[in-house]
1. Is it true that some residue in the stretch 53-68 is more than 15 Å from the chain's Cα centre (by Cα) and either farther than 23 Å from THR116 by Cβ or of a type in the set (Ser, Thr, Tyr) (or both)?
2. Could you check the stretch 262-286 and list, in sequence order, the residues that are closer than 22 Å to ALA345 by Cβ and β-branched (Val, Ile, Thr)?
3. Buried (at least 20 other Cβ atoms within 10 Å of the Cβ) and out of contact with any Leu (no Cβ under 6 Å at 6 or more places or on another chain): is that true of ALA306 in this structure?
4. Among (1) in contact (Cβ under 8 Å) with a residue 60 or more places away in the chain; (2) within 15 Å of the chain's Cα centre (by Cα), where does LYS136 come up short?
5. Please indicate, with yes or no, whether at least one residue in the stretch 314-321 is open to solvent by 70 Å² or more (accessible area, probe 1.4 Å) and among the β-branched types (Val, Ile, Thr).
6. Mind listing whichever residues of the stretch 32-55 are out of contact with any Lys or Arg (no Cβ under 7 Å at 6 or more places or on another chain) and hydrophobic (A, V, I, L, M, F, W, C)?
7. Which members of the stretch 304-325 meet the condition of being outside any helix (DSSP H, G or I) and closer than 16 Å to ALA244 by Cα?
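The values are calculated or read from the model by the stated rules, or taken from the named source; none is laboratory data. Everything quoted here is computed from the prediction, not taken from an experiment. Cβ coordinates were reconstructed from backbone atoms using ideal geometry, including for glycine residues, and neighbour counts include every protein chain displayed. What goes into the accessible areas is simple: the full protein's heavy atoms, side chains included, and nothing from ligands, DNA or RNA. Shrake-Rupley method; radii C 1.70, N 1.55, O 1.52, S 1.80 Å.
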Amino acid sequence: MPLATIEWVGGVDGCIRLIDQTLLPTELKYVNCDDTKSIWHAIKTLMVRGAPAIGIAGAMGVVLGAKAIGTDEVDVFLRELNKVVGYLGSSRPTAVNLFWGISRMEHTAHANKGKTVKQIKELLLQEAIKIQNEDKIICRKIGENGAGFITDGVGALTHCNAGGLATADYGTALAVFFKAKEQGKQFKVYADETRPLLQGSRLTAWELMQAEIDVTLICDNMAAHVMKLGKIQCVVVGADRIAANGDTANKIGTYGVSILAKEHGIPFYVAAPVSTFDLSIKSGSEIPIEERSPEEVTNGFGKRTAPEGVKVFNPAFDVTPAKNITAIITEKGVIHKPSPESVQAVLGRRV
Ligand code: MRU
């Protein structure tokens with residue numbers, strides 16, 4: 001992935017530069033965020049999106065928050081920083097990577113409370129960049145661990161966007177395809193459009209075409225038919241939060257795809273980093289599901305497609321039960337038949 005989804009520009013007084021993903025694929029525009037309010041807004045409005053990418057955005061957001069705290073007293077600084085962390089955490093509730101990223105930053109600050117505020121600010125910037133660099137390595141590892149599931153001649157279905165745009169680069173679900181392509185395999189990818197915000201058509205189709213991977217766009221309601229036609233031999237999707245038993249929250253519609261895959265005897269793979277696991281929750285029923293504005297459904301991309309005043313329900317994610325998941329591909333290895341035991345065996349204790 002040649003484009004930087006998100007990057008830090010400059011030193012501790014610098015800013016975040018990110019691709020405004022709401023404008024893709026018709027416009028490639030970089031936006032600078034130089035305070036917590038602007039990065040909160042960028043996360044909330046999906047200018048930056050995808051679980052690992054918003055983990056990085058949150059971590060860099062903490063650096064922006066730290067920059068604006070004008071005290072030399074460490075105790076005061078840490079108290080103010082806790083407020084920054086709380087504020088950034090209020091942007092989106094489902095992807096646990098956000099909370100993982102900002103907590104890691106908070107921990108870094110507290111672990112260095114013997115240092116000066118200036119030094120802590122420097123360390124926070126280093127930590128945010130470390131999180132981003134680690135993600136690049138993790139995504140490649142996920143690609144390596146998952147590419148074996150893509151064999152010559154298969155058709156694979158993916159839902160939403162779990163590509164380079166959703167991570168530091170290279171992606172999770174799409175990393176599996178990128179790596180398989182690098183290995184010289186011939187395969188086709190079917191990309192679900194992903195209503196209502198069209199991450200599949202706007203972002204996944206775009207990324208795969210750039211990588212010269214054979215991609216075919218379908219509307220979400222076509223997946224069953226395409227499976228019945230025998231065009232799909234595996235499903236690979238990303239994740240926003242995975243419970244200790246392997247239940248997985250991902251973009252709305254993923255659960256339905258998992259049921260379709262089961263019905264057609266098609267393996268269903270989830271590709272995600274360890275930071276997407278939330279081992280503090282036993283099952284998917286505890287995952288908070290974000291509800292977004294009705295206008296995304298009634299007025300998508302500027303055209304009204306529903307009567308004024310109609311009631312709308314717009315959950316942004318759903319939970320695929322572990323029993324529908326063939327395996328979860330992580331950087332630490334593959335969790336076959338996810339269960340509390342198999343998750344624990346591959347992950348060990350949460351880092
Ligand atoms: O609402 P979004 O676009 O942030 O949802 C993104 C997804 O559901 C992705 O599949 C998930 O975050 C994994 S990204 C590697």
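1. No, that holds for no residue.
2. VAL270, VAL274, THR276, ILE281
3. No: the conditions fail for ALA306.
4. (1)
5. no
6. Matches in the stretch 32-55: CYS33, ILE39, TRP40, ALA42, LEU46, MET47, VAL48, ALA51, ALA53.
7. VAL319, THR320, PRO321, ILE325
A quick yes/no check of all residues on (1) more than 11 Å from the ligand (Cβ to nearest atom); (2) farther than 26 Å from GLY55 by Cβ; (3) at pLDDT 95 or above:
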position	(1), (2), (3)
ASN145	yes, no, yes
GLY155	yes, yes, yes
PHE177	yes, no, yes
ALA191	yes, no, yes
THR194	no, no, yes
GLY200	no, no, yes
MET209	yes, yes, yes
ASP214	yes, yes, yes
ALA223	yes, yes, yes
